[in-house]
Amino acid sequence: SGYNVIALDDNYQYALVAGKDLDYLWILSRTKTIPETVKETYLRIAQEAGYDTNRLIWVSQNRTDSPFLHEK
């Protein structure tokens, strides 16, 4: 299914991505944390687009056993 980037910061660190309908929304980050200002801005944009941001699931990024983490 398709998706649309509906917000992107100037340095390409954070993106707000909308899915095919109002059931799909992601906030993507290149880091484990998102600055509160970015989070607030993206939540406002999502709400204005019709998303119920109270339904968002915030995933903890504290795992150390990820298959995507590689030691050098």
message: Condition first: of a type in the set (A, V, I, L, M, F, W, C), within 18 Å of N4 (Cβ to Cβ) and at pLDDT 95 or above. Now tell me which residues in segment 29-72 satisfy that.
response: L43, I45, A46, A49
task: Return only the number of the condition from (1) of a type outside the set (A, V, I, L, M); (2) at pLDDT below 95; (3) within 11 Å of the chain's Cα centre (by Cα) that G19 does not satisfy.
output: (3)
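The values are calculated or read from the model by the stated rules, or taken from the named source; none is laboratory data. Since the model is a prediction, treat every value here as computed from it, not as a measurement. As a convention, Cβ positions derive from the backbone with ideal geometry for all residues, glycine included, and neighbour counts pool all protein chains shown.
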